Amino acid sequence: MRRNMSGPDEQEEIGLAQSMLGDWPLIIVSNRGPVNFTIDETGELQTSRSGGGLVTALLGLAQHVDITWIASALTDLEKEWKPEPLTFDDSCCAIDLRLVPIEKEVYEGYYNVISNPLLWFLQHSIWDLVSGPNITRATWQAWHRGYEETNRLFASEVARQIRALNRPALVMMQDYHLYLAPRQLRSMLRRKTRYFLTHFIHIPWPGAEDWGILPPGMRQAILEGLTAVDLLGFQTREDGLNFIRTVESFLPRAHVSFKGGRIWYRNHATYVRDFPISIDVPALLRLAETEEVAQYRAQFEEDTRGMQVIVRVDRTEPSKNIVRGFQAFGDMLAHHPEMRGKVKFIALLVPSRLEVDEYKDYHAEMSAAAAWVNSTYGASEWEPVRVILSENYPRAIAALQLYDVLLVNSLADGMNLVAKEGPLVNRRDGVLVLSERTGARQQLEGGALVISPCDVYATSEALYRALTLPAEARRANAAHLRKVIEESDINDWFESQLRAIADIIRKNREPETGGEPITAS
């Protein structure tokens, strides 16, 4: 069997990570793993690295720190996987991959009922309370049989890995799929087991009033779970403050400190910090210079010759606010008719979660909105909106190289990495029109035109202003964005968490003979 995983060369600064982690093993826990499994024509099992910044941030560490990655096993190939080290590239860099088998009906409730859409819609503030959510007997069954059970399976595997060690471990859980696992893990391990537990939430954390939508039993379990960690990470400072407000509202026995970013609950301290995630800058710049991207770029240049270009790159989900983006473009064409025939809106969209009714319905609304703009303002020689439905990252990068305007008007986003990828690779000093409800705003608003995502009129005017902005202002904004993005890449995101962990441990270091869990107390 082939076990070598392909991927870009890593730029991780290992020294800092080593000094922070020492000889601690690192356990990463996420819903999906860093590996894709396929069978080649000879029947051999092939493994390839999954995409995503989290995997990138860890590759350099694997040569110097023991890494175990725990994820769900869904396919037959995944369920048949026998734990063994997986190597990256042609080096000795390896991780220990542990896959947790989950029954189909259990995963269905955990993922397609509770995680998506219930929690995802709630945390992006896109539930229409008049019609949803309807929390029925089936929802509660999905909660108990799906979400609770899957979190318990993950916690059990983490506990097994920690028990097998004879030294402290750093456990880093990821995202909204695993809110219950930290408290479950604490209950499974003896008090004297030594480990440090973190949880990073990649999506927004809304205000306490949004969390009031959930029944008390679900809400209490989620807050109980997250206040069991030592370090809780969010994309933005506002997300972290919203979490503390939520705890203050719904965990009456908790003591909170907004200034210190600290929660004391059940004789345990949870520190709350923001760690804005980013991209692998060197790897993206290398991809942008490949022949494949150049070929796609040439096609786009031919299709848009003589026109300015508006681009968006998104998954087809309601939180991305694609419909209002098309409506705003139509409004601009209506009130600035001189722009007709001179601007092309290219939307590269990845179909997402179409097995979920709410996503399927939104996909239809999105298609109708684009068709309306084309039928109302288009001509035989000019199609205002071109929608490309597929998952093709090199083609998306080619489009981002050519935009005059990049539209990111999400209703809510934990970060939105397109807002960072675009300015980094763009060749036209393109203008970023950015929703104020994206996590990217915290870092990028100084070089973007910031809009309210529900304000179609303001978005329309922002598109027009971006298309007509003087060249000097465009260059200054683009240079500012590139500087911010290059100075805070994916490695900085990971290393900032390591610094926070080291700081907490220094503040709360226990006597060598104490034998208690390594926690922030």
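Could you run the Debye sum over the Cα atoms of the range 99-148, one equal point scatterer each and no solvent, and tell me log10 of I(q)/I(0) at q = 0.23 Å⁻¹, two decimals? Taken in order of the listed q values, log10 I(q)/I(0) reads -0.80. Contact order for the chain, expressed relative to its length and based on alpha carbon pairs under 8 Å spaced 6+ residues apart, stands at 14 percent.
Other residues lying with their Cβ under 13 Å from the Cβ of Leu469 contribute a combined charge of 0, Lys and Arg counting +1, Asp and Glu -1. With one equal scatterer per alpha carbon and no solvent term, the Debye-computed log10 I(q)/I(0) for the range 332-382 at 0.21, 0.25 1/Å reads -0.82, -0.98. What's the percent breakdown of Cα-Cα distances in the range 187-229 across 5 Å bins, shortest bin first? Using 5 Å bins, I get a P(r) of 5, 15, 22, 25, 13, 9, 9, 2 for the range 187-229.
Average 1/r across all pairs of distinct alpha carbons in the range 343-465, invert it, and you get the Kirkwood radius: 15.5 Å.
Counting every pair of alpha carbons in the range 80-178, the share spaced more than 16 Å apart comes to 67 percent. Counting only DSSP beta bridges whose two residues both lie in the chain, roughly 25 percent are antiparallel. By the compact-protein rule of thumb, 2.2 N^0.38 Å, the alpha-carbon radius of gyration of the range 217-282 corresponds to a ratio of 1.18.
Alpha-carbon geometry of the range 387-521: the Rg and the Dmax are 19.9, 68 Å, given in that order.
Each listed q (0.17, 0.23 Å⁻¹) maps to a log10 I(q)/I(0) for the range 296-407, found by the Debye formula over equal Cα scatterers with no solvent: -0.80, -1.34. The Rg/Rh ratio of the range 346-412, with both radii computed over alpha carbons and Rh defined as the Kirkwood radius, is 0.99.
Taking the accessible area of the range 193-247, probe 1.4 Å, and keeping the other protein chains in place, the carbon and sulfur fraction comes to 50%. Both numbers refer to the Cα atoms of the range 238-363; Rg and Dmax are 22.8, 66 Å.
Amide hydrogen proximity for Asp280: with H placed 1.01 Å from N in the peptide plane, the residues at 5 or more positions away or on another chain lying under 5 Å are Ile490.
The values are calculated or read from the model by the stated rules, or taken from the named source; none is laboratory data. All of these numbers come straight from a predicted model, not from anything done at the bench. Cβ atoms come from the backbone with ideal geometry, glycine included; neighbour counts cover every protein chain shown. Side chains are part of the model used for accessible areas, which takes the heavy atoms of the whole protein and leaves out ligands, DNA and RNA. Shrake-Rupley method; radii C 1.70, N 1.55, O 1.52, S 1.80 Å.
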